[in-house]
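None of the figures in this text is laboratory data; all of them are computed from the coordinates on show. Since the model is a prediction, treat every value here as computed from it, not as a measurement. Positions of Cβ are generated from backbone atoms using ideal geometry, with glycine treated the same way; all protein chains shown enter the neighbour counts.
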Amino acid sequence: MTTLTPYLLFDGKCRQAMEFYRSCLGGELIVTAVKDTPAKEQMPTTQHDKVLNARLRSGNLAISASDWLRPDRTPIRGNTLCIYLSGGNFQELKALFAKLSEGAEVTDPLSEQFFGVYGALNDKFGVRWMFHTNKP
């Protein structure tokens, strides 16, 4: 089953923000730094201490986040919140990606990564979508 979760992007303050949200909302927080993953091989050392992914779960509430990891783009108000579709099976995710790609700027085509299948796009209305599921 695919779930929809808000995904927040922070300019180097992801860990602090998510720890603050945990102090307010309770729950379990899991934080993964770039340096603790195979992604570090493709990223400059200045990015290694940044958060690759953080997830806060408290009851029915879930928030996902990361630090801004796109040195070729600038974080500005409006592009630091994404809609995150995750879970489900690969075929379901692929179909959703294809439909939402109509008229979109596909920034990250669906591809297999060390953590599963990932893709991202900015739809024709300027909304950022991120997609993730386990390997097909």
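Sequence-ordered 3J(HN,Hα) estimates for region 104-115 from the Karplus curve with 6.51, -1.76 and 1.60 and θ = phi - 60° stand at 9, 9, 7, 8, 9, x, 4, 8, 7, 10, 5, 9 Hz, glycine and proline given as x. Computed 3J(HN,Hα) for region 32-41, one whole-Hz value per residue from the Karplus formula 6.51 cos²θ - 1.76 cosθ + 1.60 where θ = phi - 60°, is 10, 7, 3, 5, 9, 9, x, 4, 4, 5, glycine and proline marked x. Structure note, pairs LYS50/LYS99; LYS35/LYS124; LYS40/LYS135; LYS50/LYS135; LYS35/LYS99; LYS40/LYS94: Cα-Cα distances above 30 angstrom occur for LYS50/LYS99; LYS35/LYS124; LYS35/LYS99.
With both residues required to sit in the chain, DSSP beta bridges show an antiparallel share near 80%. If you take the Cα centroid of region 1-21 and the Cα centroid of region 74-106, the two points sit 16 Å apart.
For region 1-74, relative contact order (Cα pairs under 8 Å, six or more residues apart, normalised by length) works out to 40 percent. ILE83 sits among other residues whose Cβ lies under 12 Å from its own Cβ, and their net charge, with Lys and Arg +1 and Asp and Glu -1, is 0.
Take every pair of alpha-carbon atoms less than 8 Å apart whose residues are at least six positions apart; their mean separation over the length of region 2-133 yields a relative contact order of 26 percent. Note on region 2-133: Cα convex hull, mean projected area over all directions, 8.1 nm². Only Lys, Arg, Asp and Glu carry charge here, each on its Cβ (+1 for the first two, -1 for the last two); on that basis the chain has a dipole of about 200 debye about its Cα centre.
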